[in-house]
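Working notes, beginning with the structure itself.
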Amino acid sequence: MNTTCNAAPVRPRETPEALPAEDVTRHQPLWFREAIAAPHESRRLTVDGTSIHYLYWGNGDKNRPGLLFVHGNGAHAHWFHFIAPLLSAHYNIASMDLGGMGDSDWRMDYSRDTFAREIGEVALAAGLGPKPVIVGHSFGAFVSLMAAHQYGGKLGGLILCDYTIPRPGERREWFLDNPEPRKPTRIYTDYEEAKGRFRLAPPQDCANGFILDYIGPLSLRAVTKGETRGKRTFEETGWTWKFDPTIFNGLAMGNDHAEIYRDLACRGAIMFGLASKDYEPEKVDFLRELAPEKPVFTVPGAQHHIMLDQPHAFATAVGAVMAQWRAEGALG
């Protein structure tokens, strides 16, 4: 007997805002210890007069296919430090610090075009094969889309992670619509206090507490009274967050994202965390209509910060897309 179910698919319940303490893992598992201990290089590239820092994992063969990870707002290259070694058996990998974040220098002014050039120039200079793939998360997905717009003919593809492309003409200005200048980051005199203040933005729980314990301290830098970075001269000595809060003062996003994504000169794909607040089925329907040839898919058990929630599933998804594009000859 044949049976048919016409019930609508049920989206899994979002993860609670606060996990029970016993569900948060603090011990670093073996795979994670091996990943962060894997050989890699710390490199720099000057782009538009600013020193941009990135990490590199690979075998030195510049013809081997590769990819560049681009972090989100206020984050840094080490958010992918434990992901890159999961893929480096098959690909050369780089993970960069955007200007004004991580260990890259601060600028006097920022724009989507300066970020795009940073990404494009690192992707082409890092030895990531004839046609590198860019993987951008959140804010990093936005500026990676701008990089693919500028450099698409030289790239193999673009994977956007937990970033929704608005419909044509839809105003979506994260920063211009909030005109109040961002306050300078606080300077802590005590390192342990500063380290204890690390939080994800947007806020969410994370069962992999050992990952937060790793990336949190790497988000801090020591500063000295009188030291100047970008537009800021520090008035105290102590510890503060590495990102420049003035980045977003007046930063325009634009309303041309849909057209840019639709008309990319390279491959494209979008990944969402299934429990992410950015994942909305109706918006996914629009993305599939906009560019039917570009896959849109989800990672179960992940919220906005997919690589923190489900690192192995995240790496597997990126690797699967890379393998498909490589088989199609898109990576040169």
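Just so you know, all these numbers are worked out from the coordinates, no wet-lab data involved. These numbers were taken from a predicted model, which means no experiment stands behind them. Positions of Cβ are generated from backbone atoms using ideal geometry, with glycine treated the same way; all protein chains shown enter the neighbour counts.
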Chain lengthening between Asn178 and Ile260 when straightened (0.36 nm per residue, less Cα-Cα): 27.1 nm
Dipole-positive endmost among Leu19, Met146, Ser88 within the chain (Cβ charges, Cα centre): Ser88
Dipole magnitude of the chain about its Cα centre (Cβ charges: Lys, Arg +1; Asp, Glu -1), debye to nearest 20: 500
Karplus-derived HN-Hα couplings along segment 75-88 (A = 6.51, B = -1.76, C = 1.60, θ = phi - 60°), whole Hz, x at Gly and Pro: 8, 6, 4, 6, 5, 10, 4, 8, 8, 3, x, 6, 10, 6
Over segment 104-253, equivalent-ellipsoid semi-axes from the Cα gyration tensor in Å: 29, 19, 18
Ordering of 155-165, 303-313 by burial proxy (mean other Cβ atoms within 10 Å per residue, highest first): 155-165, 303-313
Under-5 Å amide H pairs with Asn92, H placed in peptide plane, nonlocal only: Gly66, Leu67
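Let me check against my output: what whole-number percent is the relative contact order of segment 159-283, with C-alpha pairs under 8 Å and at least 6 apart?
Computed value for segment 159-283: 45 percent relative contact order.
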Phi to ³J(HN,Hα) by Karplus 6.51 cos²θ - 1.76 cosθ + 1.60 over segment 34-48, Hz, x for Gly, Pro: 5, 5, 6, 8, 4, x, 7, 10, 9, 10, 9, 9, 8, 10, 6
Rg followed by Dmax, in Å, when segment 102-149 is reduced to its Cα trace: 11.0, 33
Relative contact order %, segment 49-123, counting alpha carbon pairs below 8 Å whose residues are six or more apart: 39
Whether segment 195-332 is rounded, prolate or oblate, judged on the alpha carbon gyration tensor where a/c under 1.5 counts as rounded: prolate
Gly273 long-range amide H proximity, modeled H, under 5 Å: Asp162, Val299
Order by protection proxy (mean Cβ within 10 Å, highest first), peptides 55-61, 126-132: 126-132, 55-61
Among Val284, Gly72, Val135 - extreme Cα towards positive end, dipole of the chain, charges at beta-carbon: Val135
At R0 = 56 Å, FRET efficiency that the Cβ-Cβ distance of Arg288 and Lys225 yields, to 0.05: 0.55
Centroid-to-centroid separation of segment 133-176 and segment 236-292 [C-alpha atoms, Å]: 5
Estimated vicinal HN-Hα couplings, Hz - segment 49-62 in sequence order (Karplus 6.51, -1.76, 1.60; Gly, Pro = x): x, 10, 7, 9, 9, 8, 9, 9, 10, x, 10, x, 7, 5
Loop GluC sites (Glu not before Pro), segment 13-113 (other Cβ atoms within 10 Å of the site Cβ: 10 or fewer; DSSP): Glu17
Rounded if a/c under 1.5, otherwise prolate or oblate - segment 255-298, Cα gyration tensor axes: prolate
[x] 30, 24, 22; [y] 33, 29, 17; [z] 50, 38, 17, with the label sought being that of the calculated semi-axes √(5λ) of the Cα gyration tensor in Å: [x]
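For n ≥ 4 DSSP H runs only, could you compute -39500 (n - 2.57) per run for the chain, divide by its residues and tell me the 222 nm figure to the nearest 500?
Here the helix-only value at 222 nm equals -7500 deg cm²/dmol.
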Relative contact order, percent, the chain [alpha-carbon distance under 8 Å, six or more residues apart]: 20
Debye, to nearest 20: dipole size of segment 104-242, +1 on Lys, Arg Cβ, -1 on Asp, Glu Cβ: 280
